[in-house]
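Student: Before I ask anything, let me first share the structure, which is written out below as structure tokens.
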Amino acid sequence: MIIGAVVLVVVLVLIFWFIGIYNSLIRLKKRVQNAWAQIDVQLKRRHDLIPNLVNAVKGYMKFERETLEKVMEARAKAISAQGVGDKIKAERELGGFLGRLLAVVENYPELKANENVKQLMEELTTTENKISYARQFYNDTVTRFNTKIEVFPDNIVANMYSSKFEPFPLFEIEDKTEREVPQVDLNI
């Protein structure tokens, strides 16, 4: 009788342990999905701003047509990308082309003075900052989730449901120029 009670208690403890780990994995997976949704909201805002910015600078930048076309092509790829990994790749490419566009705009003083362009650039900069923060939050959440599905004993439950608990990709910088330390020259 005592052995039966002990076995029953052990089985109940194991069942509750399993349920606890499973539920914590589900909660963390939902947090990762929410973190990605926050990035997606900011990316949508960025995608909406780009055509307005391109149209505002078109007249001034007759010689920079290639840059404008590449920005719009990269935007189209980013909008149509499917899956987190493909979206991350497409957004990296779009970010690179946007950086080039912003650098080109710097070469046109009359363009920088245009109020419409100024406002769009400010909105785009604000959006880029929000995207940066959302990426950081996403990467933190993904790291927590990916670690949890790999450490013992949680990995036992995660491996039992391996199709449900697959690691998520990080939103990392691949462009080497973005990793370089900016050079500041204060000499006048």
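Student: Give me the 1.4 Å probe accessible area per residue for the stretch 1-99, excluding ligands and nucleic acids, in Å². Could the numbers behind the result be given before it?
Tutor: Details: 5890 Å² over 99 residues.
Solvent-accessible surface per residue comes out at 60 Å².
Student: Lys/Arg Cβ at +1, Asp/Glu Cβ at -1, dipole of the chain taken about the Cα centre: which of F137, V9, T67 is farthest positive-ward?
Tutor: Toward the positive end, the furthest listed residue is V9.
Student: Tell me the mean residue ellipticity at 222 nm calculated for the chain from its helices only (DSSP H runs of n ≥ 4, each -39500 (n - 2.57), averaged over every residue, nearest 500). Mind showing how you got there, number by number?
Tutor: Working: 7 runs with 146 residues, N = 188.
Taken over the chain, the calculation gives -27000 deg cm²/dmol.
Student: May I ask you to compute the full-extension gain from E110 to K164, defined as 0.36 nm times their residue separation minus their alpha-carbon distance, rounded to one decimal in nm? Walk me through the numbers on the way to the answer.
Tutor: Numbers: separation 54, 0.36 × 54 = 19.44 nm, distance 5.42 nm.
Result for the pair: 14.0 nm of gain on full extension.
Student: Also: If contacts are Cα pairs under 8 angstrom and at least 6 residues apart, what is the relative contact order of the chain in percent?
Tutor: On the way: 120 pairs, mean separation 56.2, N = 188.
The value is 30 percent.
Student: What number comes out for the charge environment of G20, summing +1 per Lys or Arg and -1 per Asp or Glu over other residues with Cβ under 14 Å away?
Tutor: +1
Student: Expressed as a whole percentage, what fraction of the accessible surface of the stretch 3-72 belongs to carbon and sulfur atoms when a 1.4 Å probe is rolled over the protein heavy atoms? If you can, show how the numbers build up before the last one.
Tutor: Working: 2780 of 4250 Å².
C and S fraction of accessible area: 66 percent.
Student: Which percent of the accessible heavy-atom area of the stretch 105-173 goes to carbon and sulfur, probe 1.4 angstrom? If you can, show how the numbers build up before the last one.
Tutor: On the way: 2150 of 4240 Å².
Carbon-and-sulfur percentage of accessible area, whole number: 51.
Student: Net charge around V41, counting only other residues with Cβ within less than 12 Å of its Cβ (Lys, Arg = +1; Asp, Glu = -1)? Let's see the in-between values first.
Tutor: Details: positive: K44, R45, R46, K130; negative: D40, D48.
Residues near V41 contribute +2 overall.
Student: How large is the convex hull of the Cα atoms of the chain per residue, expressed in Å³ as a whole number? Working shown, then result.
Tutor: Numbers: hull volume 27.3 nm³, N = 188.
Roughly 145 Å³ of hull volume per residue.
Student: Extension gain E66-V11, at 0.36 nm per residue separation less the Cα-Cα distance, in nm? Kindly include the intermediate steps, with their values, before the conclusion.
Tutor: Values: separation 55, 0.36 × 55 = 19.80 nm, distance 6.70 nm.
Residue separation times 0.36 nm, minus the Cα-Cα distance, leaves 13.1 nm.
The values are calculated or read from the model by the stated rules, or taken from the named source; none is laboratory data. Please read these numbers as outputs of a predicted model, since none were measured by experiment. Using ideal geometry, Cβ is built from the backbone for each residue, glycine included, and neighbour counts are taken over all protein chains shown. We work out accessible area using only protein heavy atoms, side chains counted, and drop any ligands, DNA or RNA first. Shrake-Rupley method; radii C 1.70, N 1.55, O 1.52, S 1.80 Å.
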